[in-house]
Each structure stands twice: as structure tokens, then as C-alpha cells.
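The values are calculated or read from the model by the stated rules, or taken from the named source; none is laboratory data. Since this is a predicted model, take the numbers as computed values, not measurements. As a convention, Cβ positions derive from the backbone with ideal geometry for all residues, glycine included, and neighbour counts pool all protein chains shown.
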Amino acid sequence: MKPAAFDYYAPDTLDEALAVLAERGDAAKILAGGQSLVPLLNMRLAKPEALVDINRLRELDYIREENGWLAIGAITRQRTLERYPLVRQHLPLVADALHALGHAQIRNRGTIGGNLAHADPASELPAVLVALGGELVAASVAGQRPLAPEEFYLTYLTTTLDPTELLVEARFRLPTGRHGGAFLELSRRHGDYAMVGVGVQLELAPDGTVARAGIGLCGAGPVPIKATEAEALLVGERPGEELFAEAGVRAAAQAEPESDIHASADYRRDMVRVLTRRALRLALQRAAAADTQ
Amino acid sequence: MPKWIGQPIKRAEDPRLLTGQGTYVDDLRPLPVLYHAAILRSPHAHARIRSVNIERALAVPGVVGILTPQDVLEMSDPFPVGVETPVRYYATATDKVRFVGEPVCVVVAKDRYIAEDARELIEVDYEPLPAVVDPERAMAPDAPVLHEDIGHNIACHRSLRYGDPDAAFAEADVVVSQRQVFPKYSSTPMECYAVIAQFNPINGEYTIWSNFQGPFSLHPVTARALRTPENKLRFIVPPDIGGGFGIKSSMFPYIALIALAARKTGVPVKWVEDRLEHLAASSSNTDRVAYMEVALKRDGTILGMRQKLIDNVGAYIRAPDPGCLFRPLGNQVGPYRFQHLAVEAYAVHTNKSLTGPNRGYGCQHLYFNIERLLDKAADTLGLDPAELRRRNLIPGSAMPYTTPTGGIYDAGDYPATFEKLLELANYARLREEQARARAAGRLYGIGIALAVDPSVSNMGYVTIAFDRKLRQRPGYQAKSGAAETGTVMVDARGNVTCTINTCPEGQGHETTVAQLVAEEFGIPIENVRVVADFDSNSRAWSIATGTYSSRFAAAGASATLLAARRVKEKMRAIAAHLLEAAPDDVVLEDGVFFVKGQPDRNVTFRRVAGVAHWNPNALPPGIEPGLQNTSVWNFEHAVAPDDQDRVNSSQLYGFVGEIVAVEIDPETGEIQLQHYYSMHDAGRILNPLLVEGQIWGAVLHGMAGAMYEEMVYDENGAFLAGTFMDYLCPTAMEAPPLTIGHVEYPTPASLTGAKGVGESSSETAPAAIANAVADALKPLGIEITSLPITPSKVWALLREARARQATGGQP
């Protein structure tokens, strides 16, 4: 379990990093927190010619609230976001999902950008971003471009990011009005990748009907899945058990899970149904408990 | 009142281990330069090796040499096996590869990076062959055959009969049967295998530094394969090993492999196994298919049992297997008093990785088999599972009790201990809770499992694998014994050094020995130093040496205590001489020898020690200078099997009783362990902290087999659990709420009164959890017959059951 030899770059600025990527392109892999890449290197499942270590790019280590959005720099540690007061107090969807992402030791090293760009469909954060309707920002020497998750994720461990591009930011609109979120997952053990996970975000109109609903699924297909059918069902309706149950059925219908040694595809699909209902129920409780903002 | 024994003394090992200052194989620098090995392993489950080309790999700068299958054939012999079948098991594949991960070549280079680079350049031409992974399928006449020269896949088959099982079944009111499947899992110690090997061409001696845990009966097995006399194969073990659990008994093939690589390349070679290698190709317990049948009277009395056990030993059976089948033989009836038993035992070759001892060694299988069957029997008879067991336990008055299979249960009171377990768990209240839960439509279950927990295995049990006619032939050399050694030295200032040869893997042997010896001498525990490394060149050792079968507290500890007693007797004679008293009138208390009834006539322990070393001419006649003793502790009932296949396979028998309560989420199939009660008789408890740690670990190990860990293969022999993302060890997060209780029935068979406890709950947890889950699902007509039980599997069973109910019971 020793990696093959590689060239090592440790740029100090984003510009330097993008210049290296422009030069090495396909031959380079980006090293952020290393929680997924380093095992792949050690097992020689990945044998890049070059590693671009972006841990020195302090300019990508930030969490900013701006114009009703939360913007998170790519090198921000997962643990930092988990402890961010706004997240802890008002965004239980994000807080729950981060708590389920590996263990504290992993989150101390693992980065937001690394997790999102690794594109493991069983991981929690891509599903959260989908539920929140967030977007990603890619940078290259040519400039920056925003990407919706639906455009970003292609299939297992594969994104539309160009080899010369670096994911620099993830951002999402902060929910308004009465809102509540929840993330529920089933994993064999605490801290494992989810067999299935469901993130939901509900925003309620003053009359108590659902103003916005976001539902993201992980472990339910080759990419994080946005349960659009269930979302559409919810909007404009008065929330309740029957509605949530039907939303679960619709979310399950959009899932495309596979079988592995931990769970069958049938199980995963049915758990999308169960967890969607349960997460909606919990999100509603939280919305009801939250102060009107 | 003992000052040290029985006290919760913190481990003497902890300061160094917790601060990262332990000395493991990887910390050793025994030679100025070491070269590093990378092992090329088979990607195929079953394939013929057409050719091996190492040219490109050899050309990599920094590569010293490569050991090939051809070298292994030329330089070594097959490891001796413990069965009559002539299995040709070498340190690498030779003609064919027979499981994914089987070693094929060893690259030796300046560092591990280069060795792994070069490994990728070795070209092996394989001709893939059909594979077989299921042991029953492997027994079929048309199954792919692993070893053509044997012609079939059965490595061992014995039919054992005790009493008159046919009559018992003919007499039965009820016969209950069940087919059961027990999974293949391991213990995944934190430290993987590690070997440093040096070959000296001048004197032909191999020196091996490794984290081998024993038994040293595997030393001659290794020597035979290396074609060397035993006294030219030197084993050195450092003071710290990062966990063993039986898995490190099975590393001897790698000792031979790295020794051969060192001999071939002419340089000392170091190999530290990585986790991928460990999961794919170190060791595990067997997976087992069992056909169990029990004959009962209507009142629940067990008349007899039939057990057909088919154990999957992987591609090559290796010593001490088929211990998987026979290690528990003396306790094959568990804590029950029935007299009639038939055991049909098979060890079968398949294209899976190799097997060996794994915490519980056969008992986790056996008690899953028996206890699962008894729950079904209780259900069939309409009896509470606790009541069925109560009616069949061996009474306390019968101790010591000889089982029909030859086990001699040394001490205990199973009915009394069982009642204590029921009290601890408040069993009646648990059943009330269950009734309430069921009335509310919840899935709540209670599982019981009982076990006679064997410790200190008798080397003789392995020969049960041989037909008894073979064992009766003239010239047959019987095997028996369970001896262990220990040395105590008192220096001139009265400080004590003990050397033990048990190759501890983190259990706290140094602490326990210090407690026993400080107690014996009446000196502060800080004055006792315990040296726990091992060197076969300089230590007293024997075939049974090592740590396995929960033997330390009875075997190694007794040997060391015996040595201390003998030194003490000598010191008493010296003290009596100095005090001008008769030795019988002199006693030792709190570090002072004095004449009984005259405490003023005294001499200190330290002064006596000083005289023994500094002034030998002042010693009484016949007393030699110095104070040291090496003693051996053996067990009188560790005898070879008799001509009826009866054997006292272990020397001490503890008792474990467990009650588990679970609740199952009817939608997700998740299993919540609500309560876990664990009652133990481990004999005299030497250190309750260490015992508690062992029980926690054993519960988690058993729970692992019940709910988490499995070495999964697909039907073509591909290994699907090759990383810790797929092979799931439970962590502290998954630990159940555990309540531990103790009774102490000290054993007369050891000097310490202690029985083993290291395996204990690992033998009962799979059965107890399975029984609890089965009980929870019983209202739906669901039977649990295989492990591990996962949420996905429970969900599938629930779905089938609901479909059955919806169609009025029709499938």
C-alpha cells in the first residue's frame, strides 16, 4: 500500500494553482483534505503523474454570508462548517448531514470542496447541496463559471469539471420565512457512507402551505438525485402525513439504486420512501418550532 | 486478604502503549540494513499458472531479487497438515492459484515503494479455472476440484458417535431440526502481520522477528517446510503485539515465505502486511453449514443430538485446522446433560482464503448451532426458552463432570449461575416489556445463549482428525499436553524479574504476573518487573507455548507463580538458616521472613536476597547461590484422545450466559440492542479491570459476527470485502448497553484458580443476538438461520412474511 511516484506541487495562491492545472491538465490530481484521494493513491487505484496540493490556498478557506446566500470556500474543513453558528442554529439539514459524514477526525481534515468534487453519490454533502438548490463555482485560468449540481455530477466519481479547472466555492441561498430541514440516513455503522440518505429543506408560506421544498438523495443512484417529483407534489400544499407519505413514494420512484454487499437495490429504494417521509416530518416539526424570521 | 490479586490494578503496559512507545516488529532495528518485501498475489480465485516472467521487474533499480514459485518448490517442502489427506500447501502458489490473494512471488527491494513498483511489472500468465466457494457445492461430485492429486475437495471427514444417538432419536417425542449457516469472519487486529527474516549461510540458521502469538507447535511445522532442524529456526517476538485473537497463530506461512525470500536474495528482508493483504489473505474462522437435529421428550428433556458440520477451510487446510471442528469437542454438548450425540464433521476445500483460530475457535459456531436449535425446540414444545434450558443443565452437584465426548468440566454450578443471569436481566420483567411491545405492534425480542467456555486447549485434540484406527496403529505417536513455562529471578536487592513466554498481544500479562508475584513475595508491585518478549534461542519453551485458547491466566500465570513459590521456598530455607530456626517455622509476610509467633526474630526479603547473591558461603548446606527458577505448568487431564474418540480438549471450562433484548424497526429492519446482559464464571478473577476489558471486546467480536463482519465472496470467488469500507468492524459507536455479572468457581486445575475469559462472550454473542432477532420476528413466522443479520436482510424477510400473510400463508 505505497503510492506510485508522482510530481508534487504546493502552490501558495489560486493563480499559481490554476497555472499548474493549465499546464498539467489530465495528468494532475488535486489534493485537498486527502480523505479519499490518499487511500486511492496508496492502493494504486489512482496513479496520477502529479499532485496539486491546495491546502496552502488560504483564500479558499472561508464561509461568507452575502446577499442572502452562504458561500463556502473549497478548502474549508468540514468540521469548520459543522461548527459554524448559523449552520448549528438554523440549518439542521447541513448540521445533521455533516455529523453523519465520517467521524470528527475525518471532518477535521476533509474539505467541503474535496467532498463535493470527489462526486461519491453515497456521500452526504452533494445531496445536501441538491436539496438546498445550491451551486458550485469552478475556476480556471480562463475565469470562473457557476454550475448547478445537476450539471456538475455526471456519474459515479465523475463530474463535468475540466481537468484544468478547480472547484473553488459551493454556495446556496439561505432559506427564508418559517423553514426547517432534516437529513436522515441509514448506514451499517455510524460514520459509514450511507446505504441511503435523504436531505430535505422545507420553507412554509405565511398560510402554512409549503412555499419551497428541496429533497436530495444520496446512495440512491450514480449521482446525487434531486427528487423533483416529490418537491413538485409538496409545493402549495398543506403539509401532513399523507402528503409526506406520497412524497416518499414519488422520491423512491426517482431513485436508481444498485445492490452491493451492504444492501439490495430494492431495500435502498424502499428506504428512500421511508426516510423521505420521516425527514419531511422532522423538517416540519423543526419549522414549526423555529421562530418566524 | 489479598493485596494485589483480585484488585483492579491499572495495566503496567498502558503508559508505553498509550503514548506510542510500545515496541512492535515495525519498531525493531535488529540489523543495520533491512530490505523490504512486496508480495504479488493472485487476482484469480482459481487458475493454472502457465508461466511467470520476472525479467522486467528484476531490472527495476533497487530490486535485489524475486522469489518465484519455482524457488519455493526447490527450496521448501509443503507444510505438514493435521489431516490424513495429503494436501500440498506451500508458502506460495506453485502449480495453480486457489484463492484471491494467494501469494505468487515476493519482490525484495531497497524500500517498499520500489518493491511495489516492481511487483506491477511481473508477468504471470494465468489460465482461469472454474471456482467453487460454497462448501456443500464443493462436496458435489461435479464440483471443480482444487487439488487434483487428492481428487475431491474433502480435506477431512470424521463420524463421531457418543452413547446411542439412534436409540435416543427413536425414543423421542419430538425431533426438531434446522439447517444453519455461520459466516466467515476475522478479528482484524490493529497491527497486521509483520516479519523480519535473516538467513545465515554459514551456519544455516534462520532468525525470524515476528508478531507470532503461538502456539509454538507451529514452529516445527514451519521448520519442516523450510527443511531445517528446529534449533536452526530462531523465533524472536517483541514485547508488544497489536492484537492477535488467534489470527496471528496463522502467520507461520508468511514466516516461511519471508525466510525463503531472505535465503533466495541473500539479504535480511522485512515485510509488514498491509490491510488489503490482511483482509484478503491472512486468516479467518471457517464458514459453516450445519444440519442440526435434537431429540426431546415432551417435557423438554433433551435425549440426544445429531450435528452434521461442514466447515469451509478455504483453499488449503492448514494447522491447527481442522481444529475449527474439534477444538470444542470436549464441550460439544454445551452445559447440557444429554448423553447421546452423533457428530458428522467435514472440512472442505473451496476457493476462499485460508482459515484458522479466531477468538472462540469453533465455539462461536457450535453455540450458534446448539442455542439456535434449542430456541426452535422450545418454540415447538411451547416452552419458554429459559425453562427448556433450565430443565437440561448439568447440576452443580455433578461437578467435576465428564461429558460424553470426554470433556472434564472442572468446576462451576450452571443452574445457579443461570438463575443469577435471569435475575441480572430481570427476565420476567423483560418478557412483560415484550408483551406490551407486541401488543402495540412493535417487534421486540429476547434471546438467550449459554456456553461452556473452554480454555487451555489440549494439544491432543487435533489428532481427533485422524481415524481412530490410525491412532491405534503400532508406532503411532500420540499428542497431548498444554504446558507453559515461566521464570522468576530475585536480584541481590530483592527486586524481581519475571520472564514470560506467552507472547502477549495486549491482554495485560505483565500486569497480572506482577500482581501474582508481588502477592506471593509480599513486596510492592513496583518491585516486580515482567519481561514479555520472546527468543526461542534462550527461553525455556515447549510445543504448547504461546497465547491462544484463553490460556494465560491459568497456564502462563500458573507456571510463573510456581516458579515464584519455588524461589520463595529456597529463600525461606535461607531465612530459617539465618534465623537459626526450622524452615517450617518461618513465614513470609509483607516482605519480611520471621519465626512464627516471634515477629522480632526476622530478616527482610531483601536481606535474604542479598545473602543468596553476595555471600553464598553463608547459605545453608545444599543450597546453591543465586535466586532463580524456571518452572513448567502442565495439566494432568491433558491426555491424548481415547479409542472411543473421547478427549478432554480443554483443561478448564468456564461458563457464559447471556440475555439480549432487541427492538427492530419494522420499516427499515434496523436492529437496536436495547439490553445486553452477560454473566460469567471465569474462576478466580485476578484483575477485574482486565476481565471487564476482555468481556467488552468479546461481546463486540461476537456482535461483529452476528451483525457486521463477513468476508463476502461472489460465486466466482471474487473477494468483495477487501477494505474496511466493506468489511465492517463494529466500533465503540455500535457497542451495546452491556451489563456484566460474575460468579467465581475457582478451578482446581490451575494454580491461580483462574479460568479463561478472553473468548467468552465471542462464543455466545452470535447465538444470543440471533435468538433475540428471531424472537422479535417470530410473530411474523420468520426463522433466523444465518448470520450476519443486516437491516437489508431483515427488511427482505419482513417483506416476504407480509406477502405470505397477505396471501393467507401461501408463498
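Of the numbered criteria (1) assigned to a loop (DSSP other than H, G, I, E, B); (2) of a type outside the set (D, E, K, R); (3) in contact with an Asp or Glu (Cβ under 7 Å, 6 or more places away or on another chain), the one B:THR228 fails is (3). Consider only pairs whose beta carbons are under 9 Å apart and that are at least six residues apart or on different chains; among these, list those whose first residue lies in region B:5-28 and is on the phi < 0 side of the Ramachandran plot and whose second residue is aromatic (Phe, Trp, Tyr). Pairs found: B:VAL25/B:TYR193; B:VAL25/B:TRP209; B:LEU28/B:TRP209. Any residue at all in region B:710-723 that's farther than 30 Å from B:GLU102 by Cα and touching a His at 6+ places or on another chain (Cβ under 7 Å)? Scanning region B:710-723 turns up no residue that is farther than 30 Å from B:GLU102 by Cα and touching a His at 6+ places or on another chain (Cβ under 7 Å). Among residues of region B:229-253 that are at pLDDT 95 or above, those with a Cβ under 6 angstrom from a residue that is assigned to a loop (DSSP other than H, G, I, E, B) and of a type in the set (Val, Ile, Thr), sequence gap 6+ or separate chain, pair up as B:PRO238/B:THR23; B:PRO239/B:THR23; B:ASP240/B:THR23.
Taking every residue in region A:50-68 that is in a strand (DSSP E or B) and pairing it with any residue that is surrounded by fewer than 16 Cβ atoms within 10 Å (Cβ to Cβ), at least 6 positions away or on another chain, the pairs with Cβ-Cβ distances below 6 Å are A:ALA50/A:ASP7; A:ALA50/A:ALA27; A:LEU51/A:TYR8; A:ASP53/A:ALA10. Is it true that some residue in region B:377-395 is within 29 Å of the chain's Cα centre (by Cα), farther than 30 Å from B:PRO737 by Cα and surrounded by fewer than 20 Cβ atoms within 10 Å (Cβ to Cβ)? Scanning region B:377-395, I find at least one residue that is within 29 Å of the chain's Cα centre (by Cα), farther than 30 Å from B:PRO737 by Cα and surrounded by fewer than 20 Cβ atoms within 10 Å (Cβ to Cβ), so the answer is yes. Within region A:234-243, is even one residue in contact (Cβ under 8 Å) with a residue 60 or more places away in the chain, surrounded by 18 or more Cβ atoms within 10 Å (Cβ to Cβ) and not assigned by TED's automatic domain parsing to the domain that holds A:ASP120? Looking through region A:234-243, none of the residues is in contact (Cβ under 8 Å) with a residue 60 or more places away in the chain, surrounded by 18 or more Cβ atoms within 10 Å (Cβ to Cβ) and not assigned by TED's automatic domain parsing to the domain that holds A:ASP120. Here B:VAL108 meets the list (1) in a loop (DSSP other than H, G, I, E, B); (2) farther than 15 Å from B:VAL52 by Cα; (3) β-branched (Val, Ile, Thr) almost entirely, failing just condition (1). Is there a residue in region B:255-273 that is surrounded by 24 or more Cβ atoms within 10 Å (Cβ to Cβ), modelled with pLDDT of 95 or more and more than 30 Å from B:THR723 (Cα to Cα)? Looking through region B:255-273, none of the residues is surrounded by 24 or more Cβ atoms within 10 Å (Cβ to Cβ), modelled with pLDDT of 95 or more and more than 30 Å from B:THR723 (Cα to Cα).
Set side by side, the residues B:VAL175, B:VAL195 differ, and just one is surrounded by fewer than 24 Cβ atoms within 10 Å (Cβ to Cβ), in contact with a Phe, Trp or Tyr (Cβ under 7 Å, 6 or more places away or on another chain), touching a residue at least 24 places away in the same chain (Cβ under 8 Å) and over 20 Å from B:HIS509 (Cα atoms), which is B:VAL175.
Set side by side, the residues A:GLY214, A:GLY133, A:GLY180, A:GLY199 differ, and just one is on the phi > 0 side of the Ramachandran plot and away from every other protein chain (no Cβ under 14 Å), which is A:GLY133.
Among the residues making up region A:255-278, a single one is hydrophobic (A, V, I, L, M, F, W, C), more than 8 Å from chain B (Cβ to nearest Cβ) and assigned to a loop (DSSP other than H, G, I, E, B): A:ALA255.
All of B:ALA767, B:ALA801 fail the test of being surrounded by 15 or more Cβ atoms within 10 Å (Cβ to Cβ), within 36 Å of the chain's Cα centre (by Cα) and away from every other protein chain (no Cβ under 14 Å), apart from B:ALA767.
Residue-level check: of (1) among the hydrophobic types (A, V, I, L, M, F, W, C); (2) within 14 Å of another protein chain (Cβ to nearest Cβ); (3) in contact (Cβ under 8 Å) with a residue 24 or more places away in the chain; (4) not in a helix (DSSP H, G or I), A:LEU41 misses just (4).
Would it be correct to say that B:CYS363 is away from chain A (no Cβ under 14 Å), within 30 Å of B:ARG88 (Cβ to Cβ) and buried (at least 21 other Cβ atoms within 10 Å of the Cβ)? When the stated conditions are applied, B:CYS363 does not pass them.
Here is a list: B:ARG16, B:ARG48, B:ARG11. Which entry is closer than 30 Å to B:GLU715 by Cα and either of a type outside the set (Val, Ile, Thr) or assigned to a loop (DSSP other than H, G, I, E, B) (or both)?
B:ARG48
A quick yes/no check of all residues on (1) surrounded by 19 or more Cβ atoms within 10 Å (Cβ to Cβ); (2) within 14 Å of another protein chain (Cβ to nearest Cβ):
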{"position": "B:THR92", "(1), (2)": "yes, no"}
{"position": "B:VAL106", "(1), (2)": "yes, no"}
{"position": "B:TYR113", "(1), (2)": "no, yes"}
{"position": "B:VAL124", "(1), (2)": "yes, no"}
{"position": "B:HIS147", "(1), (2)": "yes, no"}
{"position": "B:ILE150", "(1), (2)": "no, no"}
{"position": "B:ASN153", "(1), (2)": "yes, no"}
{"position": "B:ARG158", "(1), (2)": "yes, no"}
{"position": "B:TYR162", "(1), (2)": "yes, no"}
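Looking at (1) polar (S, T, N, Q); (2) modelled with pLDDT of 95 or more; (3) part of a loop (DSSP other than H, G, I, E, B), which is the only condition B:SER542 fails? It fails just one condition, (2).
Please name all residue pairs, on different chains or six or more residues apart, with Cβ atoms under 7 Å, provided the first residue is in region B:420-444 and is touching a residue at least 24 places away in the same chain (Cβ under 8 Å) and the second residue is polar (S, T, N, Q) and in a helix (DSSP H, G or I). So the pair list comes out as B:TYR444/B:GLN434. For region B:721-737, filtered to residues that are facing chain A (nearest Cβ under 9 Å) and out of contact with any helix residue (DSSP H, G or I) (no Cβ under 8 Å at 6 or more places or on another chain), the residue that is surrounded by the most Cβ atoms within 10 Å (Cβ to Cβ) is B:ASP726.
So which of A:ARG77, A:ARG83, A:ARG58 is more than 14 Å from every other protein chain (Cβ to nearest Cβ) and within 25 Å of B:MET725 (Cα to Cα)?
A:ARG77
Of the candidates A:ARG212, A:ARG171, the single residue that is under 24 Å from A:ALA17 (Cα atoms), charged (D, E, K, R) and in contact with an Asp or Glu (Cβ under 8 Å, 6 or more places away or on another chain) is A:ARG171.
Looking across region B:496-515 at every residue that is touching a residue at least 40 places away in the same chain (Cβ under 8 Å), closer than 14 Å to B:ALA564 by Cα and of a type outside the set (A, V, I, L, M, F, W, C), the one that is surrounded by the most Cβ atoms within 10 Å (Cβ to Cβ) is identified as B:THR512.
With respect to the conditions (1) away from every other protein chain (no Cβ under 14 Å); (2) within 23 Å of the chain's Cα centre (by Cα); (3) within 30 Å of B:ARG41 (Cα to Cα), A:GLY33 lacks only one, and its number is (3). Every listed requirement among (1) out of contact with any strand residue (DSSP E or B) (no Cβ under 6 Å at 6 or more places or on another chain); (2) more than 25 Å from B:GLU763 (Cβ to Cβ) is met by B:MET251 save one, (2). Here A:SER123 fulfils each of the conditions (1) more than 20 Å from A:THR76 (Cα to Cα); (2) within 14 Å of another protein chain (Cβ to nearest Cβ); (3) of a type in the set (Gly, Ala, Ser) apart from (1).
To keep it simple, each residue is scored yes or no on (1) surrounded by fewer than 16 Cβ atoms within 10 Å (Cβ to Cβ); (2) among the polar types (S, T, N, Q); (3) under 13 Å from B:ASP681 (Cβ atoms).
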| position | (1), (2), (3) |
| --- | --- |
| B:SER397 | yes, yes, no |
| B:PRO400 | yes, no, no |
| B:ASN426 | yes, yes, no |
| B:LEU430 | no, no, no |
| B:ALA439 | yes, no, no |
